[in-house]
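Quick notes on the structure that follows.
The values are calculated or read from the model by the stated rules, or taken from the named source; none is laboratory data. On a predicted model such as this, the values are computed, not experimentally measured, just so you know. Backbone-built Cβ (ideal geometry, glycine too); neighbour counts: all protein chains shown. These accessible areas exclude ligands, DNA and RNA; they are computed on the full protein's heavy atoms, side chains included. Shrake-Rupley method; radii C 1.70, N 1.55, O 1.52, S 1.80 Å.
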Amino acid sequence: MWGGRFAEGPSAIMREINASIPFDKALWRQDIASSRAHVAMLAAQGIVSAEDAKTIDGGLVRIAGEYERDGVPEDWDLEDIHMTVESRLSELIGAVAGRLHTARSRNDQVATDFRLWVREACERAEAGIVALQNALVARANEHSASIMPGFTHLQTAQPVTLGHHLMAYYEMTRRDRSRFTDARARMDECPLGSAALAGTGFPIDRQMTATALGFAAPTRNSLDAVSDRDFALDYLTAASQCALHLSRLAEELILWASQPFGFIRLPDTLSTGSSIMPQKKNPDAAELVRGHAGRIIGCATALMVTMKGLPLAYSKDMQDDKPPVFEAAGLLDLALAACAGMIADATFNTDRMRAAAEAGFATATDLADWLVREADIPFREAHHITGAAVKLAESRKLALDQLPLEDLQAIDPRIDERVYRALSVDASVAARASYGGTAPDAVCERVAEARRDLGLE
């Protein structure tokens, strides 16, 4: 490729460290698409003849068929996917293949190919998120009135509905989806035509190639275009945030599936057994989702560190941009699919959830609120009175609504029999009817809104 400048070929070490074909062969579809768009533009501008352009395009279509059928060959002497395609094109059509590289460089070529690939990764992530959201919304609608304990510090706090809990993850994934949408919009500019770093002297039509490849416009600065990897970092940042949310969901599924909780039975298809303990049903899919979050965050960190000190324009360090993105995308796609499957096919033990909510003094705040509302007691004093009631109930191993009225009145005489209407878990969740609250009616309203947003109704 550069024999005119060098007297000797690369050493074995240089050959190995320099070759990227083992991983960038994943870009073959994007490379052929951008090459076809480029040669069509060259012909339209009269830079190459229509006949040569037709020959080149036919060769590229034939290569695409070969790669689709047989995979991409790995010849490390050809270094990367770009030279692999060009070499095969030369074998098929001869010297005319050399005209394809007119008015472009591998620098703008890889920037275009990689951007196309990441754009598709954003679209896959959005589709995966939507699948998970559909599962969350369906199960939330099913369990809009199913009562469970809500936790803070992993301690029973207040009763909530399972539907409300699941819709919390819908809100997280809604933000995740918006981040991929935003990233997709920001990368909607085409680097092709920036050449090595300074543009080209040929009369190219960059808008034509941008349009052909589905971009809104060409990039505005050739130096930035070939050295920018913000689009990859945007993807990795969005993927990291999404992975954090999936990890939190996975952690709850792991806890809920454990025998002490017993809130959920995960589907057999997304669980494993033990090689020695026959009774085991392990939440391995959830645990791997939780583990993948660390790897995805590591991928984002790796590319950030690679890019942090690079001067303009292209540097060979940037060859290391693709492995972390490819790895993160593969992990995220799997994690989204696994979470969607677990939510859709899990069996919730709502009786166990309700019993846990009733056993943990989860309605203590309702007692304090009742004292404020019905007895006109300042909240801090009501908090103290309620704490004494909880202490008494705990000592007698009773729920709050099981304490006799005389015992409650011994704590504070302003309590009367109306208090029992506020102390059940059903009354507690029904009272939380404020916008965004856990009351079944509020959950149903939010589910309906989410279904409209998802195009389900």
Given the conditions (1) over 25 Å from the mean Cα position of the chain (by Cα); (2) within 28 Å of PRO311 (Cα to Cα); (3) without any contact (Cβ under 8 Å) to a residue 60 or more places away in the chain; (4) open to solvent by 20 Å² or more (accessible area, probe 1.4 Å), and given that HIS153 satisfies all but one, which numbered condition is not satisfied?
(2)
Within the range 48-71, track down each residue that is surrounded by 19 or more Cβ atoms within 10 Å (Cβ to Cβ) and either of a type in the set (Gly, Ala, Ser) or outside any helix (DSSP H, G or I) (or both).
VAL48, ALA53, GLY59
Being among the β-branched types (Val, Ile, Thr) and under 31 Å from the mean Cα position of the chain (by Cα) is the filter here; which residues of the range 50-89 pass it?
VAL72, ILE81
Counted residues, the range 438-457 - those being part of a loop (DSSP other than H, G, I, E, B) and in contact (Cβ under 8 Å) with a residue 24 or more places away in the chain:
4
Residue pairs within 9 Å by beta carbon, gap of at least six or interchain, first lying in the range 239-267 and over 24 Å from ALA300 (Cβ atoms) and not assigned by the TED database to the domain that holds ALA121, second open to solvent by less than 10 Å² (accessible area, probe 1.4 Å) and not β-branched (Val, Ile, Thr), listed first then second, are none
How many residues, within the range 345-354, are part of a helix (DSSP H, G or I) and open to solvent by 50 Å² or more (accessible area, probe 1.4 Å)?
4
Kindly indicate whether ASP176 is open to solvent by 60 Å² or more (accessible area, probe 1.4 Å), in contact (Cβ under 8 Å) with a residue 40 or more places away in the chain and either in contact with an Asp or Glu (Cβ under 8 Å, 6 or more places away or on another chain) or assigned to a helix (DSSP H, G or I) (or both).
no
Tell me which residues, restricted to the range 386-438, are among the polar types (S, T, N, Q), surrounded by 16 or more Cβ atoms within 10 Å (Cβ to Cβ) and more than 13 Å from ALA364 (Cα to Cα).
THR438
Looking at the range 200-217, which of its residues are of a type outside the set (Val, Ile, Thr) and open to solvent by 30 Å² or more (accessible area, probe 1.4 Å)?
GLY201, PHE202, PRO203, ASP205, ARG206, GLN207, MET208, ALA212, GLY214, ALA216
Tell me whether the range 325-337 contains one or more residues that are without any contact (Cβ under 8 Å) to a residue 24 or more places away in the chain and either touching a helix residue (DSSP H, G or I) at 6+ places or on another chain (Cβ under 7 Å) or in a helix (DSSP H, G or I) (or both).
yes
Could you tell me which of the residues VAL137, VAL130 is among the β-branched types (Val, Ile, Thr), open to solvent by 10 Å² or more (accessible area, probe 1.4 Å) and out of contact with any strand residue (DSSP E or B) (no Cβ under 7 Å at 6 or more places or on another chain)?
VAL130
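Looking at the range 271-287, is at least one residue assigned by the TED database to the domain that holds CYS122, closer than 19 Å to LEU162 by Cβ and of a type outside the set (S, T, N, Q)?
Yes: the range 271-287 contains one or more residues that are assigned by the TED database to the domain that holds CYS122, closer than 19 Å to LEU162 by Cβ and of a type outside the set (S, T, N, Q).
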Which residue pairs have Cβ atoms closer than 6 Å, lie 6 or more positions apart in sequence or on different chains, and pair a first residue in the range 369-381 that is more than 10 Å from ARG414 (Cβ to Cβ) with a second residue that is not β-branched (Val, Ile, Thr)?
TRP370/ALA422; VAL372/PHE379; VAL372/ALA382
